[in-house]
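Derivation of every value follows stated rules applied to the coordinates shown; laboratory data play no part. No experiment lies behind these values; they were computed from the predicted model shown. Reconstructed Cβ throughout: ideal geometry from the backbone, glycine too, with neighbour counts over all protein chains shown.
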Amino acid sequence: MLRYFLKRLGGAIPTLFIIVTLSFLLVRIAPGGPFDEEKSLPPEILANLERAYGLDQPLWVQYASYLRSLLHGDFGPSFRYKDFTVTELIRQGLPVTAEIGAAALVLALGFGILIGVIAALRQHRAADRAAMTLAVAGIAVPSFVVLPLLGLVFGIYVHWLPVAGWEPGSIRHLILPVIALTLPPLAYVARLTRGSLIEVLQRPFIRTAFSKGLPLRTVVVRHALRPALLPVAGYLAPAVASIMTGSLVVESIAGLPGIGRYLVQGALNRDYTLVLGMVILYSVVLIGMGLVVDLLYAWLDPRVRFER
Amino acid sequence: MTDTFWGAARRRLLANPGARLSLGIIVALVALAVIGPWLNPNGAETLDWSHVATDPSMAHAHWFGTDRLGRDLFVRTLRGARVSMIVGLVASAVSVSLGLIYGAVAGYVGGRTDDVMMRIIEILGGLPLIFFVIFLTVVFGRNEYLLFVSIGAVGWLTLARIVRGQALSIRRQEYIEAAIASGAGTARIIYKHVLPNVIGPVIVYATLAVPQIILLESFLSFLGLGIREPRASLGTLIAAGAGEMEAAPWILIAPGVFLTLLLMCLNIFGDGLRDAFDAGGRR
């Protein structure tokens, strides 16, 4: 098991290295510098600015020093938020994003699996059809349509919840954003669970379990669910990607001070170091999630551990 | 053989009521986007100062109401839908061609080439591609052509994998041996024999790629990173509507409903298509 994990980890590190190198190079070969404004700066000031940010050094020196500071968890200074380093901005925003993201992931998995199991056990009946129709809607309707509509109904028409805004520690402000983030992965998980559970329930070992006289509940929970959850485990990394993507718009709409909003602002302001740092951060999270999925796979399906 | 394969797939597709209804709605929405703007007397960028942010009504020819600048939302929604649909089609075409060629080459050539090409896919698959698209728009500015390419470049990985799998099995067929024996080159065999034989899954995938790409484009436009004013796509219209929700909810509702309906129908139709091909695809 440990060997298997180390092997996967060994595969992840070069990927991360390639991402960092590629993104770094992309930023540097981009047409136009970070200090291009509507009014062009006097050459002396530009030269001073470039020296201050180390941009006058040869490319490989810049690259080496960026890598070195990355290893210390330092993403460099932000080009637009003066007096802030990217690391500081991330430290401010990450807790909010992580909070709504984790809540959305847990809710999507919990309810998605529950709905999927119910639909599978009532295949082709009304509950199944209703659930699957809603699932298509959940997958198709984008969060940036859902969230304003939720705000319209619950915030403006019935005044139950705030439409947007954020207060430290206030759960009420997070309810609608979390719902909007949860729906797409929830719908997907429900569909995956239903499909694979239906398939697993037709396998011989399930017939054996039933013929032992076990009740349906035990068969599903003890025998069928574990193999049926394999595709769901595989979907975990895309689910996190979908939630992270969703949090970009959700944070912008709801006015939450998370890193998603910083990324969008950074992109609009062409804040190179900020966007570079965010892309690397998101990559680390996704690759880390991929490793978690590998471990889950090994746990759910022992055959994986002995492969190759 | 081919006739019965396609015929059977079509029969199964048309026997699926959800897919049939979705196809009907898709056709209607496309027709509306193409001819709709001419049905209404208002222009897409005409400012009607006597009707600023008015609600929908048949009385003043603003059937979906107007926005903050008095622009007609019926015309703007349909024009925006047109832009979204074009981006969806072009970017899907980019993505499908890339995946098709890449997958066919990797699968047919095989060996070390295949290993390297699949390793690249694996690495790209581990990247947060949407963030790279955002990154590209930052680096190269907000160029609409680049938008097509970068959105298209995101979606081709899955297709390349599917096509490669198919090509691997096709490689061992006798007609390929016959083609090699008669002196055909690798490029010709891929073009003439491999590509036509993987077309079934490709059609299904392309249909399912279109809604994803439309969603992605709207997403970027919503954030202000895609299509720019005065041109509009469904994403920019929804963004404008979300800001005016309290006073004028119809500004959000018209493009929001259009986009939702389009995406849902494309997804249901794509699922139906996949089911129709799947049953016949297992030879």
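In chain B, Cα pairs under 8 Å separated by at least six residues give a relative contact order of 27 percent.
Amide H contacts for residue A:85 (H built 1.01 Å from N in the peptide plane; partners 5 or more residues away or on another chain; cut-off under 5 Å): A:78. Span-like helix check, chain B: qualifying full DSSP H segments, with Cα axial length of 24 Å or more and mean Kyte-Doolittle of 0.0 or more, are B:17-39, B:73-109, B:199-222, B:250-281.
Remark: mean inter-chain Cβ contacts per residue of A:248-257 equal 3, using a 10 Å Cβ-Cβ cutoff to other protein chain atoms. Membrane-span-like helices in chain A, defined purely by DSSP H runs whose alpha carbon atoms cover 27 Å or more axially and whose average Kyte-Doolittle hydropathy reaches 1.6, are A:86-121, A:272-300. The protection proxy used here, the mean number of other Cβ atoms lying within 10 Å of each residue, ranks peptides B:201-213, A:152-164 as follows, highest first: B:201-213, A:152-164.
Taking the square roots of five times each eigenvalue of the Cα gyration tensor of chain A, the equivalent ellipsoid has semi-axes of 44, 27, 13 Å, listed largest first. Peptide A:295-303 is shielded by partner chain Cβ atoms: per residue, an average of 0 of them sit within 10 Å of its Cβ.
Peptide A:144-154 is shielded by partner chain Cβ atoms: per residue, an average of 5 of them sit within 10 Å of its Cβ. Using the average count of surrounding beta-carbon atoms within 10 Å as a protection proxy, the listed peptides A:108-116, A:46-54 rank, highest first, as A:108-116, A:46-54.
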